[in-house]
Amino acid sequence: MRLADLGRRATALGTALSFASLGLTIDNVLRVRRPSRGTVAEAEPLSVLIPMRNEASTASRCLTAVLEAADRWPGPVRVLVLDDESDDGTGALVAEMAGRDRRIEAIAGSPPPPGWLGKSWACRQLADAAFPYGVLAFLDADVVLEPHAFTSSAALLRSLGLDLLSPYPRQIANGAAERLLQPLLQWSWLSTLPLGVAENSSRTSLSAANGQFLLVDAVTYRQAGGHEAVRDVVLEDIALLRAVKAAGGRGIVAEGSEVATCRMYDGWREVRAGYRKSLWSAFGSPAGTGAVTAGLCLTYVLPALAALAGSRVGAVGYLAGVASRAVSAGCTGGRAWPDALAHPISVLLFAALAADSSLARRNGELRWKGRVLEGVR
């Protein structure tokens, strides 16, 4: 087979895959669960669990929003904040706010034991201090909640008979690197995970979650092993959902752009460091990472390159990928235009970061917030 023929066939395959992904994206947008502002939650205990490590710049805004949302909760509320060995004044700031509102309880965290990653150990300490029943709401310090966040999200959790719900916050992306990469977070599960099947499936492979804001039934959490079951997993949020499923529970990701916002990273340096620590583990193995990134390039990059060379089939595939990205942005409160037009560049940059993460893990160079990540999976 001539190289030109091989290229045309590969372009046709990539275009077909791009169209299939667009179809799934549209279907998921139509069926994705969303917390509803007007719903009423049960009057059960709510434990809000917030690990903080060097979060002085975000802690006050986060906790102010949490307290406003807690005002609407119909049952007892505890806001537990763990200072994870911060050296930027986070602990003092949290203690000051706790002195003004007794719902906030400041906890001094201890160093992670051998075999534990920092965040999972912090979440474990928080869960040990929480109400033994009701709802546990894990929250990152860079998340800002809407006033109805707890009531609407918990109402959806209970009305669907779920054990875990992950309302995916709207991702704020300002710089070029953020705008290229952050929209891929929601797009990745909207374009690949059949949500209608995943909601009722016990298959752990059909799992998507985001630890930025995650609600879980307290009893099920402990039956699933809690964060001890995911103590050495970098992507502990997805692993926690899989543990819940393995214990017989049910959980899903939801569209949460109207209940929470989050700016994960500020600029290229933070973007690279954040993805570097975790992308190597996203697809199970180095071989899995290579296979997935190659598939993404086949589906979204090759058709665009072929279109530049005059291929009509490639142009159609490129436009299907752009449409999938734009539909995802419209669903999740993101910026569709002109950002979606650069989707092939986003995929290439993602593939490069995945390779960088895999190399860093192989060379023992994984670090996050001043800690070396060793023995992780």
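Within segment 60-74, residues that are touching a residue at least 24 places away in the same chain (Cβ under 8 Å) reach partners that are open to solvent by 80 Å² or more (accessible area, probe 1.4 Å) and among the β-branched types (Val, Ile, Thr) with beta carbons closer than 8 Å, at six or more positions or on different chains, in the pairs PRO74/VAL40. Checked against the criterion of being without any contact (Cβ under 8 Å) to a residue 40 or more places away in the chain and under 19 Å from TYR168 (Cα atoms), the candidates LEU30, LEU49, LEU6 yield just one match: LEU30.
One residue alone among SER205, SER152, SER191 is modelled with pLDDT under 95 and of a type in the set (Gly, Ala, Ser), and that residue is SER205.
Within segment 330-349, being touching a helix residue (DSSP H, G or I) at 6+ places or on another chain (Cβ under 7 Å) and more than 26 Å from ARG34 (Cβ to Cβ) holds for LEU341, ALA342, PRO344, ILE345, VAL347, LEU348, LEU349. Among the residues in segment 212-224, are any β-branched (Val, Ile, Thr) and closer than 25 Å to PRO338 by Cα? No, segment 212-224 contains no residue that is β-branched (Val, Ile, Thr) and closer than 25 Å to PRO338 by Cα. Of all residues in segment 249-272, those satisfying the criterion of being more than 29 Å from GLU68 (Cβ to Cβ), open to solvent by 40 Å² or more (accessible area, probe 1.4 Å) and outside any loop (DSSP other than H, G, I, E, B) are TRP268, ARG269, ARG272. Select from segment 237-253 the residues that are more than 17 Å from LEU160 (Cα to Cα) and either at pLDDT below 95 or over 16 Å from the mean Cα position of the chain (by Cα) (or both) and list them in ascending order. Passing the criteria: ALA243, ALA246, ALA247. Search segment 226-250 for residues that are on the phi > 0 side of the Ramachandran plot and pair each with any residue that is in a helix (DSSP H, G or I) and open to solvent by 50 Å² or more (accessible area, probe 1.4 Å) when their beta-carbon atoms are under 9 Å apart and the residues are at least 6 apart or on different chains. What qualifies is GLY226/ARG124; GLY226/ASP128; GLY248/GLN223.
Restricting attention to segment 129-144, the residues being open to solvent by 10 Å² or more (accessible area, probe 1.4 Å) and within 20 Å of GLY38 (Cα to Cα) number 1. Report, by residue number, each residue of segment 146-171 that is of a type outside the set (Ser, Thr, Tyr) and either touching a Pro at 6+ places or on another chain (Cβ under 6 Å) or closer than 21 Å to GLN223 by Cα (or both). Those that are of a type outside the set (Ser, Thr, Tyr) and either touching a Pro at 6+ places or on another chain (Cβ under 6 Å) or closer than 21 Å to GLN223 by Cα (or both): ALA154, LEU156, LEU157, ARG158, LEU160, GLY161, LEU162, ASP163, LEU164, LEU165, PRO167. Going through (1) part of a helix (DSSP H, G or I); (2) free of Cβ contacts under 8 Å to residues at least 12 places away in the same chain; (3) over 22 Å from the mean Cα position of the chain (by Cα) one by one, GLY310 falls short only on (1).
Of all residues being over 20 Å from PRO51 (Cβ atoms) and of a type outside the set (A, V, I, L, M, F, W, C) in segment 145-158, which is surrounded by the fewest Cβ atoms within 10 Å (Cβ to Cβ)? Just the residue, please. Spell out how you get there, then give the answer.
First, pick out the residues of segment 145-158 that are over 20 Å from PRO51 (Cβ atoms): 146-148, 151-152, 154-158.
Filter again for of a type outside the set (A, V, I, L, M, F, W, C), leaving 146-148, 151-152, 158.
On the way: GLU146: 20, PRO147: 15, HIS148: 20, THR151: 24, SER152: 25, ARG158: 17.
Only one residue fits best here, namely PRO147.
Answer yes or no: is there a residue in segment 285-298 that is under 30 Å from LEU63 (Cα atoms), in a helix (DSSP H, G or I) and free of Cβ contacts under 8 Å to residues at least 24 places away in the same chain. Checked segment 285-298: no residue is under 30 Å from LEU63 (Cα atoms), in a helix (DSSP H, G or I) and free of Cβ contacts under 8 Å to residues at least 24 places away in the same chain.
Hey, can you tell me all the residues within segment 55-85 that are out of contact with any helix residue (DSSP H, G or I) (no Cβ under 6 Å at 6 or more places or on another chain), part of a loop (DSSP other than H, G, I, E, B) and open to solvent by 60 Å² or more (accessible area, probe 1.4 Å)? Result: SER57, ASP71, PRO74, PRO76, GLU85.
Considering only segment 257-270, I want to know if a residue exists there that is touching a Leu at 6+ places or on another chain (Cβ under 9 Å) and more than 22 Å from VAL32 (Cβ to Cβ). Yes, segment 257-270 has at least one match. Of everything listed in (1) in contact with a Cys (Cβ under 8 Å, 6 or more places away or on another chain); (2) open to solvent by 30 Å² or more (accessible area, probe 1.4 Å), the single unmet condition for VAL292 is (1).
Please determine, by comparing only the residues of segment 13-44 that are open to solvent by less than 50 Å² (accessible area, probe 1.4 Å) and among the hydrophobic types (A, V, I, L, M, F, W, C), which one is modelled with the lowest pLDDT. It comes out as ALA41. Of all the criteria given as (1) under 28 Å from THR15 (Cβ atoms); (2) open to solvent by 20 Å² or more (accessible area, probe 1.4 Å), the one not satisfied by PRO303 is (2).
The values are calculated or read from the model by the stated rules, or taken from the named source; none is laboratory data. Fair warning: this is a prediction, and the values are worked out from it, not measured in the lab. Positions of Cβ are backbone-derived with ideal geometry, glycine not excepted, and every protein chain shown enters the neighbour counts. Note: areas computed on protein heavy atoms with side chains; ligands, DNA, RNA excluded. Shrake-Rupley method; radii C 1.70, N 1.55, O 1.52, S 1.80 Å.
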